[in-house]
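Colleague: Before we start, here is the structure in question, set down as structure tokens.
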Amino acid sequence: MTGNIENENEQGPKHKRDLTRRKVVVAGAGAAVAVGAGATLAAGAFAGENGKAEGASATSTSSDSEVCYRLTSETTEGPYYIDADKLRQDITEDKEGIPLTLDLKVIDSETCKPLRNVAVDIWHCDALGIYSGYESLSTGGGGMPSGAPSGSPTGEPPTGAPSGGTGGGHSEPTDDERYLRGTWKTDKQGRVTFKTIFPGWYQGRCVHIHTKVHVDGEWTDAGYEGGHTCHTGQFFFDEETVLASAEVEPYSTSTTERTTLTEDTIYDQSGTAGGLLTLKYDKKNIAKGVRASITVGVDPDATHDGTDDAVQPGGGGATASPSSSAS
């Protein structure tokens, strides 16, 4: 991926591998407790997130200790990813919708240390379910390619399709639009913020945002180059917030049947580890804007480009075999 950004010669931190992936680390306490396989946790959650991970029990009595979160679940890339040159934090362009600020923190799920200067991609549909680059394919009424027969696969599994990491196939862009897409680097605390709009929905999927995390690359005058994709995931929104958004134009004009969070076949129902965002907004006036946050725990040594065949739902895909990088 290329684009204009200040020259960065700094590389991400060296990752120590002195902990097994069956440990929960309690920051500052030096204590660890065993949990199930594939349930590695990571520290440094945003304020407002659940401070204790499901299935974990901290032995520390320190009031200021941070409990680590699980390795964030891997998901399908979906058909509408574009490795483009939009290096930016504000991806809104001229799209109408509820303002959304997305605060992300990326950390090494094993050491609990923030990952600095890694590249984070996000992309999502507009308020009526349309993806830039694929306007003729993602019609908002199901995302089915023009002329495809009824029941044809759309790349992202419809209701009833198996969950997990099946890639679903990539579609080549059909237009030059790139709204609601962007890439930016994390700061020294592993944080990155994007400005966008609240996503809409389309047939067969709940409301979501796609993401990728790229590591071991280099920031140059041309942009971010090299490295590999260590995480491909999706962020999700709770039903209360989605229902509130559906009362606001242009979301309220959609005639597409909506898939709920519990009906979705990509979200693994594991809460924060599965990509469920923490949301803050005025309950009396969501149109003023929403702030969403989540800590993303990744394995920087892994390769997950969204087409893994062995992703384990809820477990972050730790057993998935590496495939070619999408970065």
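Colleague: Please list 3J(HN,Hα) in residue order for the range 251-268, calculated via the Karplus relation 6.51 cos²θ - 1.76 cosθ + 1.60 where θ = phi - 60°; whole Hz, with x for glycine and proline.
Modeller: Using θ = phi - 60°, the values come out as 4, 5, 8, 5, 9, 7, 5, 9, 8, 7, 4, 6, 8, 5, 9, 9, 5, 8 Hz.
Colleague: What's the ranking of 293-304, 241-252 by average number of surrounding C-beta atoms within 10 Å, highest first?
Modeller: 293-304, 241-252
Colleague: Further question on the same structure: Can you work out ³J(HN,Hα) from phi for every residue in the range 232-239, in order, using Karplus 6.51 cos²θ - 1.76 cosθ + 1.60 and θ = phi - 60°, giving whole Hz and x for Gly and Pro?
Modeller: Values, residue by residue: 10, x, 9, 9, 10, 10, 5, 5 Hz.
Colleague: Hey, another quick one. Using amide H atoms built 1.01 Å from N in the peptide plane, name the residues 5+ places from Thr174, or on other chains, whose amide H lies under 5 Å from its own.
Modeller: Tyr134, Glu135
Colleague: Sticking with this structure for a sec: Karplus couplings for the range 103-112 from phi (6.51 cos²θ - 1.76 cosθ + 1.60, θ = phi - 60°), rounded to Hz, Gly and Pro as x?
Modeller: 9, 10, 10, 10, 9, 6, 5, 8, 9, 6
Colleague: Tell me which residues come under 5 Å, amide H to amide H, from Val290 once H is placed; ignore anything under 5 positions away on its chain.
Modeller: Leu100, Thr101
Colleague: Treating each Cα of the range 209-250 as an identical point scatterer and ignoring solvent, apply the Debye formula and state log10 I(q)/I(0) at q = 0.18, 0.24 Å⁻¹.
Modeller: -0.65, -0.83
Colleague: How charged is the neighbourhood of Asp85? Take every other residue with its Cβ under 13 Å from the Cβ of Asp85, and add Lys/Arg as +1 and Asp/Glu as -1.
Modeller: Every neighbour counted, the sum reads -1.
Quick note: the coordinates plus some simple rules give every number you see, no bench work behind them. Quick caveat: nothing in here was measured; it's all calculated off a predicted structure. Ideal geometry is used to build each Cβ from the backbone, glycine not excepted, and the neighbour counts take in all protein chains shown.
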